[in-house]
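**Q** Quick one: the structure is below, questions incoming.
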Amino acid sequence: MIRARLIAASCAAIALSAASLTVAAPAEASTTVCQLKYYNNPLIPGNEQLLVPDYDLSYGSRDACVPSWQRQINHRYGDVLTVDGIFGQNTRAWTRLIQSTSEYSWCAGGVDGIAGPKTISCFEYENGYTSWG
């Protein structure tokens with residue numbers, strides 16, 4: 001009987017510990033949905049409205065728009081990035097490379113490693129491809 005109580009108490013303690021681990025939300029997650037807007041890049045001819053994130057993606061960003069940006073880069077260049085939702089060194093380096101190539105430099109708005117509306121709309125315009133979500 002005492003042994004059964006000890007086992008029951010141990011199981012309850014383990015269950016409480018596991019529950020406290022699963023309740024905590026990840027602190028680094030900023031958004032769970034990629035917030036988008038239509039943007040008219042003044043450097044692109046015609047008044048084409050392109051779908052871009054509602055905020056800049058920059059080093060350290062961790063949200064739902066980052067993996068979509070990483071997938072778009074992979075779609076254009078092959079599997080060059082790990083799609084992990086973290087705008088780390090590699091994603092920043094590829095963003096800077098995109099901004100500096102002649103294919104995109106005319107409409108990307110400069111080289112800063114930030115995937116803002118000019119860079120992303122330029123990338124979408126030149127590739128004819130967009131995928132958010």
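**Q** Counting Lys and Arg as +1 and Asp and Glu as -1, what is the net charge of the other residues whose Cβ lies under 11 Å from the Cβ of Phe123?
**A** Counting the neighbours of Phe123, the net charge comes to -1.
**Q** Note the full-extension length gain between Thr101 and Tyr38 as 0.36 nm times their separation in residues minus their Cα-Cα distance, in nm to one decimal.
**A** 20.2 nm
**Q** How high is the FRET efficiency from Gln49 to Val83, r the C-beta distance, R0 35 Å, rounded to 0.05?
**A** 0.85
**Q** Given a 1.4 Å probe and heavy atoms of the protein chains only, how would you sort Thr95, Thr32, Thr82, largest accessible area at the top?
**A** Solvent-accessible surface, decreasing: Thr32, Thr82, Thr95.
The values are calculated or read from the model by the stated rules, or taken from the named source; none is laboratory data. Bear in mind the structure is a predicted one, so any value in this text is a computation, not a measurement. A quick note on method: Cβ atoms are made from the backbone with ideal geometry, for glycine too, and the neighbour counts reach across all protein chains shown. For accessibility, only protein heavy atoms count, side chains too; no ligands or nucleic acids. Shrake-Rupley method; radii C 1.70, N 1.55, O 1.52, S 1.80 Å.
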